[in-house]
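The structure under discussion appears below in the form of structure tokens.
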Amino acid sequence: MKKVAALFIAVATFVVACTPKASPSATEALIPAESRVKTDKTTIDAGQVISSTSCTKCHREKDYSRATYDELRPVLASMVKKAKLDEKEIQQISAYVHSKAKK
Ligand code: HEC
């Protein structure tokens with residue numbers, strides 16, 4: 001009986017450990033694709049405010065121009081969760097990062 005329980009735990013651990021946490025589709029759903037990101041000044045300006053307030057709680061403002069927007073999207077997906085941004089704020093920070101990112 002003990003063996004069965006041990007086997008069950010081993011299998012369960014394997015299943016949990018091997019399920020990817022952040023799938024690419026999570027990024028897709030959270031951070032707008034380059035073709036859908038907002039480019040109006042109002043949204044970009046609002047994003048700049050978020051970048052210098054919510055995004056500086058843990059580190060100084062990052063230099064977004066070191067990478068392209070597509071390269072930054074997965075990082076952004078995890079950062080907006082850390083900063084606990086809502087949907088509108090995610091649109092805004094994405095627009096700002098997009099405006100600064102390497103072209
Ligand atoms: C709860 C803490 C926390 C918050 C809030 C946070 N970050 Fe981060 N961020 C980190 C940590 C930890 C790292 C990894 C160490 C580092 O690069 O400073 C990081 C790294 C980064 C990087 C660099 C990744 C790389 O590969 O060099 C970027 C860009 C970034 N954050 C952007 C943001 C943006 C944009 C926001 C606001 C939406 C944000 N962060 C909010 C903790 C946070």
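What follows is calculated from the coordinates using simple rules that are stated; it is not laboratory data. For clarity, every value in this text was computed on a predicted model and none was experimentally measured. FYI the Cβ positions are ideal-geometry reconstructions off the backbone, even for glycines, and counts take in every protein chain you see.
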Taking the inverse of the average 1/r across all pairs of different Cα atoms in the stretch 22-100, what Kirkwood radius in Å do you get?
12.3 Å
Peptides 58-69, 39-50: what's the order by average Cβ count within 10 Å, highest mean first?
39-50, 58-69
Where in the stretch 63-103 does the amide nitrogen come within less than 18 Å of the point 7 Å from the Cα of residue 53, taken along Cα to Cβ?
80-97
Amide proton proximity set for residue 68, modelled H, under 5 Å, gap of 5+
102
